[in-house]
Structures are given as structure tokens and as C-alpha cells.
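First the structure, in the form of C-alpha cells, and then the observations on it.
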Amino acid sequence: MPTFPDGVITSYTDGPFGLMRSRAVGRPQPGVPEVVVVQGMAVASYLLPGVGALAGWTRAHLLELPGLAGSGDPPHELSVPEYGRAVAGWLTATRAEPVLLAGHSSGTQVAAEAAAGHPLVAGLMLASPTVDPAVRPFPRLALRFLQDGRIEPPGLTRTHLPEWRRAGPRRLAHLVRACLRHDIERALRRLTVSLLVLRGADDVLSTPVWARRLVATAPEGHYEEVPGAHGFPWLDPTSWSEPARKFSGDL
């Protein structure tokens, strides 16, 4: 099991679609952007070890979306662009300096929407981006999800269960449909900052061909593979820290 960080500071911020919880670790460093990580598919806590690794060189935040994890319920079920507006609103309400905005899995789609044209986003990092056309439509995605579950490290699913229960089956089904309807490439074509795409070498939900295509949509893009499957930040929380640190140094 990865180590969860100490000294986590929890905050709640009112946004356009309800109360949003964030958890922060580390201290701000002069001249270094803070990192804001958007949660994955209805789950957030599995990213805390990875956020703790990022906190080795900056202050890092784990941001939870309306209706999910520890955030309040939205007024209605949200689309991916609306989740993006929620993240953009949180940035505007809480940040004074530009950040490195990141997302993991379905959080990459939300982060891409929030980053487009936002003055407080200095760069965008997508880890295990979704949804690759190679794994559409839903039956194929479901099969790949089951395959991924067989190669993920122990403890990951167990960490997800309380947050999946909180979301409930209807919201989970809505999230899957919303992500399948969303085109992350269209959002990235509106991006005006540099992009870093990280992919686990054994990820069956995201192909290297598509990940490199995402990189090509940005004004300046970088692609890097790390060990592990789709949930690589859980397998090795430090695996995204050094690429993110190097990337942030060029922002």
C-alpha cells in the first residue's frame, strides 16, 4: 500500500455548482507553480499518495468535483464542460498565481475544459487520459476496464469503494455516459498553454498512438511513459512527480 501523506489541509469552497472540497499538502515555493489535481471517475483518495509526492517540491491540491468524494451535491447532474466550469470557478476563487493544472483518468477531460483560456493555468498535465476512441463504445470500454482491474496493484479498488458508494450507481452511470459523449481533443484545441501527457506503459484504457495525438493538439506538447497501468499514480506515487517538476520549470 502506498503511504498517505501527513499534514493534509482540507478546505471547502462554494462554486457555481455547489460546495467543493480540496485537500492540500506541502508548502508554496518561490517561483514554482502550485499543482492542482482533478480527481478521477468518482474517486479521489487514491490520488492522495501521488499528491503527497508532488508536495516534495511545491504545494499540491487534490480537487474533488461536485457530487463526488467529499464535495457537496450539484443542482443537477453535470456535463464534462460543467465540471470544467466548476474547476475554473474554484481556481478563480482560491488562487492568486497561475498553477499547473492536472487530471487523472476522467479528470483529464475536466481539467482540459477548465484549462482552455483560463488565466490562472500556466500548464496542463494529463495522466492516463480518457476516453481513447480505441476503447469506445461502452461495451468495449467496460471490457477494457475489467482487463485493467486485473493488472492494477492491490488495494486500489478497496480504496475506491467508499467513494463509489457515495456516488451511487445512477451518478456513476451518468459519469460514464458524460465522459463518452465528451471530446477531449476539441477542448485541447482551445488550449493556449503547454501540455504534458503521461501514460502508464501497461495502460489498456489509453493507447500510445492516441496519447501522442493529444500532445500534437497543444501549442507545445510533451509525452512520457511511466511504469504501470491506468492507475500508475497509486502503484508508484513518485512516478509523476519528477516529470511534473521538470515540466513546471519550463512554464
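Key figures
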{"item": "Per-region count, segment 57-88, residues farther than 20 Å from residue 35 by Cα, among the polar types (S, T, N, Q) and in contact with a strand residue (DSSP E or B) (Cβ under 9 Å, 6 or more places away or on another chain)", "result": "0"}
{"item": "Some residue of segment 214-235 being in a helix (DSSP H, G or I), more than 24 Å from residue 114 (Cα to Cα) and either out of contact with any Asp or Glu (no Cβ under 9 Å at 6 or more places or on another chain) or charged (D, E, K, R) (or both)", "result": "no"}
{"item": "Selected residue [closer than 25 Å to residue 228 by Cβ, without any contact (Cβ under 8 Å) to a residue 60 or more places away in the chain and assigned to a helix (DSSP H, G or I)] from 48, 65", "result": "48"}
{"item": "Residue check, residue 216 surrounded by fewer than 19 Cβ atoms within 10 Å (Cβ to Cβ), at negative phi, without any contact (Cβ under 8 Å) to a residue 12 or more places away in the chain and not charged (D, E, K, R)", "result": "yes"}
{"item": "Selection within segment 72-94 - closer than 24 Å to residue 28 by Cα and buried (at least 17 other Cβ atoms within 10 Å of the Cβ)", "result": "86, 87, 88, 89, 90, 91, 94"}
{"item": "Among the residues listed as 53, 86, 42, 102, the single one being on the phi > 0 side of the Ramachandran plot and in contact (Cβ under 8 Å) with a residue 60 or more places away in the chain", "result": "42"}
{"item": "Counted residues, segment 182-210 - those being crowded, with 22+ Cβ neighbours inside 10 Å, touching a Phe, Trp or Tyr at 6+ places or on another chain (Cβ under 8 Å) and not β-branched (Val, Ile, Thr)", "result": "6"}
{"item": "Test set (1) modelled with pLDDT under 95; (2) under 23 Å from residue 90 (Cα atoms) - residue 182 fails condition number", "result": "(1)"}
{"item": "Hey, residue 3 part of a loop (DSSP other than H, G, I, E, B), buried (at least 16 other Cβ atoms within 10 Å of the Cβ), in contact (Cβ under 8 Å) with a residue 40 or more places away in the chain and of a type in the set (Val, Ile, Thr) or not", "result": "no"}
{"item": "Some residue of segment 75-97 being modelled with pLDDT of 95 or more, in contact with a Pro (Cβ under 6 Å, 6 or more places away or on another chain) and either in a loop (DSSP other than H, G, I, E, B) or under 25 Å from residue 157 (Cβ atoms) (or both)", "result": "no"}
{"item": "Residue, surrounded by the most Cβ atoms within 10 Å (Cβ to Cβ), within segment 112-130, restricted to residues that are more than 14 Å from residue 233 (Cβ to Cβ) and aliphatic (A, V, I, L, M)", "result": "115"}
{"item": "Some residue of segment 29-37 being among the hydrophobic types (A, V, I, L, M, F, W, C), surrounded by 24 or more Cβ atoms within 10 Å (Cβ to Cβ) and in a loop (DSSP other than H, G, I, E, B)", "result": "no"}
{"item": "Among the candidates 117, 56, 103, residue that is part of a loop (DSSP other than H, G, I, E, B) and either modelled with pLDDT of 95 or more or of a type in the set (Lys, Arg) (or both)", "result": "56"}
{"item": "Of all residues in segment 131-159 being touching a Gly at 6+ places or on another chain (Cβ under 8 Å) and assigned to a loop (DSSP other than H, G, I, E, B), the one that is surrounded by the fewest Cβ atoms within 10 Å (Cβ to Cβ)", "result": "153"}
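The values are calculated or read from the model by the stated rules, or taken from the named source; none is laboratory data. A quick note: this is a predicted structure, and the numbers were derived from the prediction, not measured. Neighbour counts are summed over all protein chains in view; Cβ atoms, including those assigned to glycine, are modelled from backbone coordinates with ideal geometry.
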